[in-house]
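Read through the structure below, which is laid out as C-alpha cells, and then see the notes.
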Amino acid sequence: MAENISTDEVVVLGDMCQTQSVQPKVTKERKKRSRAWNHFGSFVDEEGNKKSKCKHCGQNYFVDSVKNGTKAMLTHMLTCTKMPKSVDKSQTQIGFQSVQGGNTSDVVVVSWKFEQEQCRRALCRMVIVDELPFKFVEKEGFRNFMKVAQPHFKIPSHTTVTRDCFNLLDEEKQKLKRFFGEARQRVCLTTDTWTSLQQINYMFITAHWIDNEWIMHKRIINFCPISNHKGEDMANEIIKCLRDWGLDKTFTITVDNASSNDVTMKELSKIFTKRGINFMNGEHLHVRCMAHTLNLVVQAGLKVSDVSIERVRKAVKYIRLSLARCKRFQECCEDVDINSKKSLCLDVSTRWNSTYLMLNRTIEFENVFFSYAARDIGLLHYLQFVEDEDGKDEDESVVGSLLSDDLDNVRKIANFLQIFYDLTREVSGSHYRTTNSHFLKICKVSCYLKQLILSEDDNDDLLVKIYLNMREKFDKYWGTPKRMNKMIFISCVLDPRHKFVSVGFALQMMFGKEGPILEEGVRDYMDLLFGEYVKSLSKDKGSQHSSSLSRSPF
C-alpha cells in the first residue's frame, strides 16, 4: 500500500532531481605521457585552439589530441638551437684518452659511459689527494664548473662526501689487510714522532713493500696521538697498530737517531721474540735513517761556523724585511748586469739544507751585496746593532767584514756542503730504492772527510774545526761496522752492479787492513740469512712455490 505524499513534498523532490540533472560531470584530466611536454607548455589562444609553446625558443604548435598530436613538438626538439642536448645515460659514447708515455696530442678512442657512483668516488679521491675541505663541493665555483663539464652529475652535499670518504677509507683498509694476510713477503716500516704547536704528540707509521711485479708500494697505516715519546710507550703503540692490521711479517723498522728510539727497538725485538715472529732474533730490525744521520753530521760542523753564517742570515733578513730594500737590491742586480729572476732566500736554522741553499744564493749575489752596501749604509749599522745586542763590541769596520771575510768563509763552507746536499737528496727519495747504494754513499762521505782533514792545501783553522767536528759525529754512528745494520751490506751485494767487489773495496777504503776480515763476516751473515729463508720455506711444503709472492691489489 503506497504512502500518501503531499503536494509540497512532490514539488521539493522535483526541484532536487532537476538540480542534480543540471550539474556537469567532472572527469579526471589524463596525464601527459609524451617526453615533449618536458620542454613545452600548453595554452589556449584567442580563437579557442589548443597550442603549445617551446620553453627555450618560444615556437608555437597546434596540439589538438585528435588532429595534431605531439609529432611536431618532437621534431622541433631535434632542430631547436636553444634546447640543451640530452644524453642517454645508458648508451655508451665515444671518448678520447691520452696515450701514456706519448705526446700531449697522442690520443686513443675509447668507449665512455656516465656513471654517477664512479663520479662520486672520483670526487672523494680528489678531496683526499688534494686535501680539500669537505665543503668544497658546495662552493659556487665548483658547482658552476660541473654544470658546464657534466650537467648530469648530481653533486652530493658535504655530509655525503664525508661519509663517502670514510667508506672509501674502510674499503682500502680491508683490501690492504687482506693483502697483508695473504702475502708471504715481508714488509718494512718507517716511523717518526713529533710534537705540534698545541703540545700534542703524534706518531705515524708507513709500510713499504715490493709486490710480485717488482713495483714498490708505500702506505701510511697509522697516524695517531701518543701520550709521550718514551720508548716503551711508542713500542706498545707500534704493536697495537701491527695487530690491528694483522701484520706479523716485519723485516726492518727505520727510525731517526733519538735515544728513545733505541729503547723502542729493543722493546719491539723482545715482543717479536715472545710472539715467535722475530726474524733472525731481530739482528737487522733497527735501521737508522741515513738522511737524519747526515743532518746530525753536518749540523755538528756548522756549529763552528755560526758567526759567518749568522751574519749572512741577518743580512738577508734585513733586506727581505722591506719592499723598498728588495727593490733597491733588484736595482743593484741590474747595475752589476745580473738579470736573474731568483731572489734571496732565508733559511730555517734547524734545517741545514735550507742553510746551504741560502749560502749558495748569497754567493751568486756576492757582487750585488757590495753594491747594496754602498747604497744602503743601514745594513752595516743594523749588523753592528745586532752585534752590540749579542754582547759583541765590534766597530763598523769589523762588521763590514761581512762583505769580505764572511763571504769568503761562506764560499768555502758551501763548496764542501755540496756533496752532503746531493747525498741527502738521493737517499731521501721515496719513489725508488735507495738501500742498494746506502753503504757506498757512507763510504763516500768517510773518504771525503778523510781527504779534507789530511789536505795540506787548506790551512784554514775554521774549516779544520768543521771537518773534525763532522768526523767525530760520523764515527759515532758509522765509525765501526758493529754500529751499522748488516742489511746495508747485503742490499749492496745483491745489486748486480756492485756485488762483493764493491763492498770489499768500500770496506777496505773505510777500515784499512780490517776490510777483508769484515768482508768475510758479511759473507757469513749472508749465508745465515739464506739459511733462515730455507727454513721458512721448508715449513710450507704443501704450498706451491709458484705462489711464494702474492699479487698486490694495487
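Restricting K314, K341 to those that are charged (D, E, K, R), assigned to a helix (DSSP H, G or I) and farther than 30 Å from A235 by Cα reduces the list to K314. When the stretch 140-176 is filtered for residues that are of a type in the set (D, E, K, R), assigned to a helix (DSSP H, G or I) and over 29 Å from T206 (Cα atoms), the ones remaining, listed by number, are E140, R143, K147. Taking residues in the stretch 199-220 that are within 22 Å of D244 (Cα to Cα), and partners anywhere that are among the acidic types (D, E), the pairs with Cβ atoms closer than 8 Å and at least 6 places apart or on different chains are M203/D192; M203/E237; F204/D192; H217/D211.
Table: residues versus (1) in contact with a helix residue (DSSP H, G or I) (Cβ under 8 Å, 6 or more places away or on another chain); (2) more than 23 Å from N236 (Cβ to Cβ); (3) small (G, A, S); (4) surrounded by fewer than 17 Cβ atoms within 10 Å (Cβ to Cβ).
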{"site": "I253", "(1), (2), (3), (4)": "yes, no, no, no"}
{"site": "D256", "(1), (2), (3), (4)": "yes, no, no, no"}
{"site": "S269", "(1), (2), (3), (4)": "yes, no, yes, no"}
{"site": "H286", "(1), (2), (3), (4)": "yes, no, no, no"}
{"site": "T293", "(1), (2), (3), (4)": "yes, yes, no, no"}
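Identification of strands (runs of 3 or more DSSP E) wholly contained in the stretch 209-295 with 2 or more residues that are within 23 Å of the chain's Cα centre (by Cα) and over 26 Å from Y525 (Cβ atoms) yields 216-226. Is it the case that R311 is surrounded by fewer than 18 Cβ atoms within 10 Å (Cβ to Cβ), of a type outside the set (A, V, I, L, M) and either farther than 19 Å from T424 by Cα or modelled with pLDDT under 85 (or both)? The answer is no for R311.
The residues of the stretch 199-208 that are under 19 Å from the mean Cα position of the chain (by Cα) and not polar (S, T, N, Q), listed by number, are Y202, M203, F204, I205, A207, H208. All of R471, R523 fail the test of being part of a helix (DSSP H, G or I), surrounded by 18 or more Cβ atoms within 10 Å (Cβ to Cβ), modelled with pLDDT of 85 or more and among the basic types (K, R), apart from R471.
The values are calculated or read from the model by the stated rules, or taken from the named source; none is laboratory data. The structure presented is a predicted model; accordingly, all values stated were derived computationally and were not measured. So basically every Cβ, Gly included, is an ideal-geometry build from the backbone, and we count neighbours across all protein chains shown.
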